[in-house]
Amino acid sequence: MKKTNQSFAAFKMIHAALLTGQLLFTGVITFVVYKLEKPLAATLDQPLQIAAILLAATAFFIGNAIFKKRLTFIQTQSTMALAQKFALYRTACIIQWVLLELSTLFSGICFLIAGNNSFLALAGMLIVLFGLQAPSKAKLALQLYIPPDELNTL
């Protein structure tokens, strides 16, 4: 029973660490940009906007598709042990999170290069979206069709 609580706590900690990293990175980049007198390469603004939006949309949709495909697989495995289901679920979540985080970091780098606040807004939106994907036992139970009290028996 203790292992489950530790596993889930570690899972939540991974999400919190990734979220904190994004917030710190965006904060540092924002500080650096506002300390610069002019952007590093303002001429790249338009191509970088297109690239950042395409990357964010692609990462979001691919991450969701991978997550849903893996979630469907886990849900259909009635004979699989709960610990194995949790491990597969955790992997699916992490893949989805990493894709979003890469988009956030790319937007931050684009903000550093071009100095356009739209990159900062995109990074902020991606961070909020990432934060909304925080793991919870209720969400885990709902998505894996597991009774909530069974989660403590992993």
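The values are calculated or read from the model by the stated rules, or taken from the named source; none is laboratory data. In this text, all values refer to a predicted model and were calculated from it rather than measured experimentally. Note that we place each Cβ from the backbone using ideal geometry, even for glycine, and neighbour counts take in every protein chain shown.
Among LEU82, LEU154, LEU102, LEU132, which is the only one that is surrounded by fewer than 16 Cβ atoms within 10 Å (Cβ to Cβ), closer than 20 Å to ILE14 by Cβ and modelled with pLDDT under 90? When all the criteria are applied, what remains is LEU82. Just one of the listed residues (LYS85, LYS139) is over 17 Å from PHE60 (Cβ atoms), in contact with a helix residue (DSSP H, G or I) (Cβ under 6 Å, 6 or more places away or on another chain) and assigned to a helix (DSSP H, G or I), and it is LYS85.
Of all residue pairs spaced 6 or more apart or on separate chains, those with beta-carbon atoms under 9 Å, a first member in the stretch 25-43 that is over 13 Å from CYS110 (Cα atoms) and a second member that is modelled with pLDDT of 80 or more and assigned to a helix (DSSP H, G or I) are VAL28/GLY108; LEU36/LEU112. Taking (1) exposed (fewer than 15 other Cβ atoms within 10 Å of the Cβ); (2) modelled with pLDDT under 90; (3) of a type in the set (D, E, K, R) in turn, ASP45 satisfies each apart from (1). Would the stretch 59-72 turn up any residue that is in a helix (DSSP H, G or I), under 17 Å from LYS139 (Cβ atoms), touching a residue at least 60 places away in the same chain (Cβ under 8 Å) and touching a Leu at 6+ places or on another chain (Cβ under 9 Å)? Among the residues of the stretch 59-72, at least one is in a helix (DSSP H, G or I), under 17 Å from LYS139 (Cβ atoms), touching a residue at least 60 places away in the same chain (Cβ under 8 Å) and touching a Leu at 6+ places or on another chain (Cβ under 9 Å), which makes the answer yes.
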